[in-house]
Amino acid sequence: MEKLRQIQTELNVPKNLFNKFENYNYRSAEGIIKAVKPYLQKFKCTLKLNDEIIQVGDRYYVKATATIIDDETKETETASANAREPQDKKGMDDSQLTGSTSSYARKYALNGLFLLDDNK
């Protein structure tokens, strides 16, 4: 898909967030979505994100899929990523665990779809 290639070439999403406890910079799924929206408008594309809960053995994973659709030709491209729910995390209830796992999986699906590198 030519439009995806153009978005991948032009899109820059810096790691503008900092984890002070672990001492590293990072980007969020929300930051990626915010940065890509003008390109979706420019190139007449739609982005969809879907989650699926899958079980492997006794562990649960969120499989996030990012799909870009060319609004004119209806061509699609997808990328998926999995993230495992932790057994528990202090201070979080079950829905918060699933939500944070979903955000993590979505971030990596978006990284894959838009070829975002790991540089600062």
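The values are calculated or read from the model by the stated rules, or taken from the named source; none is laboratory data. Since the structure is predicted, the reported quantities are computational estimates derived from the model, not experimental observations. Cβ placement follows ideal geometry from the backbone for every residue including glycine, while neighbour counts extend to all protein chains displayed. In case anyone asks, the SASA skips ligands and DNA or RNA and just uses the protein heavy atoms, side chains included. Shrake-Rupley method; radii C 1.70, N 1.55, O 1.52, S 1.80 Å.
The length gained on full extension between K63 and F21, counted as 0.36 nm times the residue separation minus their Cα-Cα distance, comes to 12.4 nm. Taking all protein chains in place and a 1.4 Å probe, what share, in percent, of the accessible surface of segment 1-55 do carbon and sulfur account for? The computed percentage sits at 48.
Quick check: net charge around S80, other residues with Cβ under 11 Å of its Cβ, Lys/Arg +1 and Asp/Glu -1? Net charge in that neighbourhood comes out at 0. When +1 charges are put on Lys and Arg Cβ atoms and -1 charges on Asp and Glu Cβ atoms, the dipole computed for segment 13-76 relative to its Cα centre reaches about 300 debye. When the surface is traced with a 1.4 Å probe over the full set of protein chains, K48 keeps roughly 110 Å² accessible. Take every pair of alpha-carbon atoms less than 8 Å apart whose residues are at least six positions apart; their mean separation over the length of segment 27-120 yields a relative contact order of 27 percent. Counting lysine pairs in the chain whose alpha carbons fall under 14 angstrom apart, excluding pairs fewer than 8 residues apart on the same chain, gives 16.
With r as the distance between the Cβ atoms of S95 and E75 and R0 = 41 Å, compute the FRET efficiency 1/(1 + (r/R0)^6) and round to 0.05. Efficiency at R0 = 41 Å is approximately 0.70.
Per residue, the solvent-accessible area of segment 32-100 (1.4 Å probe, heavy atoms of protein chains only, all protein chains present) comes to 68 Å². When the Cα gyration tensor is reduced to axis lengths a ≥ b ≥ c, the ratio a/c is 1.5 or higher for segment 1-57, and with a/b not above b/c it is classed as oblate. Across q = 0.09, 0.11, 0.17 Å⁻¹, the chain modelled as identical point scatterers on its alpha-carbon atoms has Debye log10 I(q)/I(0) values of -0.28, -0.41, -0.89, in the order of the q list.
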